[in-house]
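Written out below as structure tokens is the structure these notes cover.
The values are calculated or read from the model by the stated rules, or taken from the named source; none is laboratory data. Remember, it's a predicted structure, so these values are computed and weren't measured experimentally. Cβ coordinates were reconstructed from backbone atoms using ideal geometry, including for glycine residues, and neighbour counts include every protein chain displayed.
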């Protein structure tokens, strides 16, 4: 589906409300076994938005619904590990967290006079 | 969590920041009122993502929201609030720092009373991010309070994560405050040095690495005169760590800190680093030699890399380009070592002379190292620097040596360019070729130049052929992914532009000897790429070539082409694409300067084009590109005024020019124009720009306040600005100056005050 939406977004434009509702439904299911499934449902819509941004620009309700869908998913998977407040000593800790999530791969350290940044 | 944030980021990127922020703000407001901490947490985290896309003004309400949660009872909510500040500090620097330092730094310092280690460490990371983006001028009042708060945490903190984060704050503080750190470095270094020297347990490796970083950054900030007394001990300890304390498996976090530490020390000490070179360089050269010397060669295991191009199908060639290199730990080590060598040559120049021969021998092998393209690239980057080292030396026969080396380097690079399959590496090699020629100047005979020219034309033709093939393939092969071939096509076009630069340097260095090349380029290349419906990148390639012809050959060498080339430039001067407009406007400036006599005929049309270029709206392009083009519109106007003051209506042009100043991005143009502005004012033509009653003084003060101590100015301009400012700040214009200063930001006021004190 993700591939299809990326390659033929125009096809889905006509039926977008159906597509959106279907993905909304997947995200709304409680206790789903495969967590990755909800992520993929969000991904389908995001790929469409990247190809046909105008659909979202023109429809604020749609954008709001989609943002709510993403945030609800984030809340659902939000958890706090037991050692979150006081991390176990001795464990290698990757310390810098201010990274934009768009960075998909770990940046290898570069030679520069700048302070070294370790990306999580 | 991370995935959700990345989707919001992508949405902001494609739909528009304002739209997304508006919708998100409404939802988050409701979430923040929810009793369940997870809602409040996710609400805050989703906002942290937007700073990259929106202006600081739009983020101000977000910053206010975050500040309210610094003392929330839930540790994760506090963490998220600091996270927002840390992210905005990174995304909106230095504006955020300039506007908010008075409220944010005290709030963060107060928050170091935090009891939860994870949150405290985040407060410190946030402070580090904030300090890192601070303009140097803002730092003095905060150095002492930050050190007083953070240093005890580094010394006595119970948790490793907290101490590590604290140490990065001190590193960033030294880096940002530069020489302002001098009164404090003596107190800091001994303790940090102690950490560097004694922390040799396994679990201390990270913080020890950071102590190396901190100490070398402090050294860099305060300068060699101050750092000198600590250098012998620091260097010795660094050598000891390198020899004895770094595990060989590549997982030791100290490794990268040690290597970048050496480079910082080299940059700090300059030529005083030469005595230490003998202790470090031989092992680096050996490391490179071992890696590239032990590798299987082309004719055995790795033959697939050098399969003759003609035997490969198109598809195989495409696959080659995206083939993953053999990238082992050894390769990374060798790449790192070459990078260090590069820094050493660049910093020490003629001081590197004793090692040039041995280094050349090894680097030339690395240039042709088949198995890893990063190594080939880095090695290519070293070659022009080696030539520079020889050029700057006092060696008796340096001219002959230079020419010999240049031929050797160019020969080797060409050989590689022809075999190379990685577009980035070809580009690096072409740039290295360009720089080698630039360093050596005019050194080829006509025959050698003609040979090189025909090789360049062949490279251009091959690149063009590959581009056409990819285009055909994209059209024929429906299964082929669109973006993949498109990217390859774009890479070829980038290469075209790299080649244009290479040709440009031939014009620059070999002048009239390049006329045969110019004729071929004009008849066979330019006429083709400048046809209608070609891509912007090809137009850019064409315009770059023309700009270089005008700049380096001048009307005297190519009189018969001058009219045609001028016309092309004029035609592109109002193009909707900023980069093309910029290249064309720059060309008009050159026409005005390089052909004073011939410019008279086209002056009116050129001026009209420049005037119209100011009215072209930004569209969807990046701000930076648009600003570069705008800078060139202003600079071109300045150049026309300067070179043709007797033929054009100077007062009218000057007014328009002055209104659009200052330039904001293009550093060389900015220096030229800003100096010209000061010269006009100092030569007694102030009323032409400032008006009879000083109406323009407010704007002038703004220009000065904006450019002082930035890359848009330099020491010479600064001195002239100070002179202008002092003369305006007395007598009848004093009140106008004072009035203008009131409207400036705190930072800008400090700049004006410092100019008046000079």
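Points to keep in mind about this one:
- Among the residues of this structure, residue A:56 does not count as one that is closer than 25 Å to residue B:17 by Cβ, modelled with pLDDT under 85 and either within 8 Å of chain B (Cβ to nearest Cβ) or surrounded by fewer than 16 Cβ atoms within 10 Å (Cβ to Cβ) (or both).
- Among the residues of segment B:96-117, those identified as farther than 13 Å from residue B:166 by Cα and either within 13 Å of chain A (Cβ to nearest Cβ) or under 28 Å from the mean Cα position of the chain (by Cα) (or both) are B:96, B:97, B:98, B:99, B:100, B:101, B:114, B:115, B:116.
- The set of residues in segment B:118-145 being surrounded by 21 or more Cβ atoms within 10 Å (Cβ to Cβ), modelled with pLDDT of 95 or more and more than 11 Å from every other protein chain (Cβ to nearest Cβ) consists of B:123, B:127, B:142.
- Residue within segment B:661-673 that is assigned to a helix (DSSP H, G or I) and more than 26 Å from the chain's Cα centre (by Cα) present: no
- Meets criteria (assigned to a helix (DSSP H, G or I), buried (at least 19 other Cβ atoms within 10 Å of the Cβ), free of Cβ contacts under 8 Å to residues at least 40 places away in the same chain and more than 7 Å from chain A (Cβ to nearest Cβ)) for residue B:51: no
- Note on segment B:698-748: residues that are surrounded by 13 or more Cβ atoms within 10 Å (Cβ to Cβ), farther than 21 Å from residue B:673 by Cβ and more than 28 Å from the chain's Cα centre (by Cα) total 7.
- Among all residues of segment B:245-253, there is at least one that is more than 27 Å from the chain's Cα centre (by Cα), closer than 20 Å to residue B:336 by Cα, away from chain A (no Cβ under 14 Å) and not in a loop (DSSP other than H, G, I, E, B).
- The selection criterion, being out of contact with any helix residue (DSSP H, G or I) (no Cβ under 6 Å at 6 or more places or on another chain), surrounded by fewer than 24 Cβ atoms within 10 Å (Cβ to Cβ) and either part of a helix (DSSP H, G or I) or at the interface with chain A (Cβ under 10 Å from one of its Cβ atoms) (or both), holds for residue B:64.
- Some residue of segment B:514-521 being assigned to a helix (DSSP H, G or I), in contact (Cβ under 8 Å) with a residue 60 or more places away in the chain and surrounded by fewer than 18 Cβ atoms within 10 Å (Cβ to Cβ): yes
- Single residue of B:34, B:57 found to be surrounded by fewer than 16 Cβ atoms within 10 Å (Cβ to Cβ) and either within 11 Å of chain A (Cβ to nearest Cβ) or closer than 20 Å to residue B:79 by Cα (or both): B:34
- Boolean, residue B:676 is within 28 Å of residue B:626 (Cβ to Cβ), in a helix (DSSP H, G or I) and touching a helix residue (DSSP H, G or I) at 6+ places or on another chain (Cβ under 9 Å): yes
- Test: residue B:595 is under 18 Å from residue B:507 (Cα atoms), free of Cβ contacts under 8 Å to residues at least 40 places away in the same chain and crowded, with 20+ Cβ neighbours inside 10 Å: no
- Single match in B:4, B:86 (criterion: facing another protein chain (nearest Cβ under 10 Å), at pLDDT 85 or above and over 28 Å from the mean Cα position of the chain (by Cα)): B:4
- Unique match (being part of a helix (DSSP H, G or I) and within 18 Å of residue B:665 (Cα to Cα)) among B:625, B:591: B:625
- Residue within segment B:219-227 that is more than 14 Å from every other protein chain (Cβ to nearest Cβ) and under 20 Å from residue B:336 (Cβ atoms) present: no
- Selection within segment B:7-19 - more than 7 Å from every other protein chain (Cβ to nearest Cβ) and within 17 Å of residue A:69 (Cα to Cα): B:12
- Candidates B:212, B:280, B:292, B:241 - the one that is within 14 Å of chain A (Cβ to nearest Cβ) and either surrounded by 18 or more Cβ atoms within 10 Å (Cβ to Cβ) or under 31 Å from the mean Cα position of the chain (by Cα) (or both): B:212
- Answer residue from segment A:64-93, given it is more than 7 Å from every other protein chain (Cβ to nearest Cβ), closer than 23 Å to residue B:46 by Cβ and in a loop (DSSP other than H, G, I, E, B) and is modelled with the highest pLDDT among those: A:79
- Helices (runs of 4 or more DSSP H) completely within segment B:686-758 that count 3 or more residues being touching a residue at least 60 places away in the same chain (Cβ under 8 Å): B:746-757
- Of the residues making up segment A:28-43, those that are touching a residue at least 40 places away in the same chain (Cβ under 8 Å) and either within 10 Å of chain B (Cβ to nearest Cβ) or crowded, with 20+ Cβ neighbours inside 10 Å (or both) number 1.
- Of all residues in segment B:146-172 being facing chain A (nearest Cβ under 10 Å) and assigned to a loop (DSSP other than H, G, I, E, B), the one that is nearest to residue B:204 (Cα to Cα): B:159
- Filter result for residue B:43 (in a helix (DSSP H, G or I), farther than 30 Å from residue B:619 by Cβ and facing chain A (nearest Cβ under 7 Å)): no
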